[in-house]
1. Which one of Ser42, Ala116, Val26 has its Cα pushed farthest toward the positive end of the charge dipole of the range 8-120, where Lys and Arg give +1 and Asp and Glu give -1 at the Cβ?
2. Which residues in the range 181-220 have a backbone N closer than 17 Å to a point placed 7 Å from the Cα of Asn300 along the Cα-to-Cβ line?
3. Assigning unit charges at the beta carbon (Lys, Arg +1; Asp, Glu -1) and nothing else, what dipole magnitude in debye, to the nearest 20, does the range 8-120 show about its Cα centre?
4. Give the residue list of trypsin sites (Lys or Arg not before Pro) in the range 55-137 that are DSSP loop and have at most 15 other beta-carbon atoms within 10 angstrom.
5. Go through the range 39-108 and name the GluC sites (Glu not before Pro) that are in a DSSP coil and have 10 or fewer other Cβ atoms within 10 Å of their Cβ.
6. Might you report the magnitude of the Cβ-based charge dipole of the range 347-405 about its Cα centre, with Lys and Arg at +1 and Asp and Glu at -1, to the nearest 20 debye?
7. Sorted by accessible area (1.4 Å probe), largest first, how do His77, His238, His25 line up?
8. Can you tally the lysine pairs in the range 8-120 where the Cα-Cα distance is under 24 Å and the two residues are eight or more apart, or on different chains?
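The values are calculated or read from the model by the stated rules, or taken from the named source; none is laboratory data. This structure is a prediction, so every number in the text was calculated from the model and none was measured. FYI the Cβ positions are ideal-geometry reconstructions off the backbone, even for glycines, and counts take in every protein chain you see. Each accessible area value is taken on the protein alone, full model and side chains, heavy atoms only, with ligands, DNA and RNA left out. Shrake-Rupley method; radii C 1.70, N 1.55, O 1.52, S 1.80 Å.
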Amino acid sequence: MEFDRMDENDWKYHGEGNKSLVVSHVQHCRVLRLLKYPAEDSENPPQTAEQAFRQIQNIVDFSSNVMSSLLGGKFVHSGEVVRLPLEFVRQLSIKIQHQRPAWRCDKVMDIYSGCALCLPNLTSPTLHQQTPSPPLCIEIKPKCGFLPSPKHVSKDIKTRVCRYCMHQHYKVANGKWKRRSLYCPLDLFSGNRQRMHFAIRHLIEEPQNNLKVFKGGQCIYSSKEGSDESPDLNALLHHLRPYFLRGNNRINGHITTKAVLNDFIQVLVNALLSASGGDGGQVTDRAGGGRSFCEASLFNTERVRHGSQGLPTNSVLSRILQTQMLDTLDIEGLYPLYRRLEQHLQDFPKDRTRLQIDGPYDQNFLEKVQKSSMEDDGSVEYAAAKVHQYRIAMTAKDCSIMAALVPGVEEENDDEEPQAFSSSVSILDLDPKPLDSIPRQLRLDQKIVSCYLRTGGALPRGSLPLLPSIIPTAEREDRTLLFQPV
């Protein structure tokens with residue numbers, strides 16, 4: 001792709017987060033990710049073009065040298081920094097402005113630096129392009145999959161109810177969402193198929209910003225923040241039904257809604273448990289840890305009749321969970337170390353470079369994190385290493401998984417055989433978390449916990465009632481869909 005000769009009409013709005021906006025190419029499987037600034041800075045960019053380039057290069061280095069080593073290179077696509085013609089960027093900004101959600105328009109796209117991050121478009125995978133049906137891609141933001149140790153927390157509730165479930169009450173109380181999601185990350189990360197099925201079911205019922213479904217690169221199912229309306233499940237079923245018409249899931253020639261959703265969830269669970277190119281490897285047992293069940297989850301633990309309570313070692317969920325667990329202290333235990341580091345940097349500002357607070361995110365940085373002493377020796381080096389570990393863990397807690405499900409080629413006279421799928425799994429949104437976000441994290445943690453304790457886990461008045469469950473609780477387990485990880 002020639003980045004010095006660009007046409008804004010070859011690109012379309014794809015989506016955006018808090019700090020960046022993404023456009024996708026209409027023909028090639030490529031996206032450009034551009035920085036965003038507060039609207040009040042729209043005419044006075046807060047950094048120079050070289051600083052913007054360095055910021056994006058830091059994202060690439062952090063992803064390729066740190067997160068890729070911890071999560072597995074097969075799951076991570078780090079991309080490259082590119083320089084774009086400024087006129088192209090300005091015209092692109094004008095073209096896509098009307099497509100942006102109103103609540104995101106408090107920030108504007110960077111039109112001054114000409115710098116962007118070029119990445120593969122994971123919603124439109126290139127593998128098996130000749131299949132008769134376009135691939136399905138499911139983006140999941142799984143969030144934190146474990147409970148903190150009681151050693152470092154001041155409120156016992158944090159060792160019994162997970163951060164996500166408590167945060168749901170806080171978000172509803174503050175009007176960010178009208179309805180609480182019943183998804184619990186600890187069910188998804190359990191490795192138990194029943195609990196994982198239960199978790200994904202609730203993601204589908206109330207996706208918020210934790211689940212999106214794409215077909216052939218187009219988003220066909222997602223939530224709008226702050227909206228009273230639920231996403232159109234019937235529209236999703238309409239898209240999914242052709243993929244699951246075959247096999248023994250029909251009653252008198254008719255496929256039920258329950259069967260379509262069960263089959264879809266089952267294929268997705270298979271993808272999340274597989275190690276790309278393998279069978280998932282050894283299972284890591286978590287049953288004895290006591291930190292893998294959340295009291296707020298509606299899953300009845302007595303329903304776990306059989307099967308392991310752990311994840312295959314090389315599965316995407318296992319790698320994410322192990323990286324999340326670099327946070328050994330919780331924000332409460334970490335904050336005194338952050339204060340020690342901050343005080344030192346105020347007294348010795350030049351040590352910011354030696355301690356690699358802002359990078360470079362290289363092999364030396366990774367070794368400092370991995371070789372951190374278990375015992376606090378009172379040094380600033382120990383504090384810096386623990387802060388780095390926490391920042392890495394926060395990135396893993398906020399990452400997204402993209403699972404691409406590609407239907408196999410149909411063969412004649414095989415209507416009784418379930419549809420075979422191949423899959424690929426990727427991890428995205430792996431930016432480093434800034435050091436100055438730590439005090440904000442502590443304040444948010446305190447607000448979430450106090451809100452949950454104050455309400456006793458009850459929802460505030462004015463919140464919308466939960467939707468009736470889209471899938472009957474009785475789940476069929478007598479079939480296994482064909483599935484081949486690639």
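1. Ranked along the dipole, the leading option is Val26.
2. 194-199
3. In debye, rounded to 20, the range 8-120 gives about 360.
4. In loop regions of the range 55-137 (DSSP not H, G, I, E or B), there are no sparsely surrounded trypsin sites (Lys or Arg not before Pro).
5. When the GluC sites (Glu not before Pro) of the range 39-108 are filtered for loop state and at most 10 Cβ neighbours within 10 Å, Glu43 remain.
6. 200 debye
7. Highest to lowest solvent-accessible surface, that is His238, His77, His25.
8. Count of close lysine pairs: 9.
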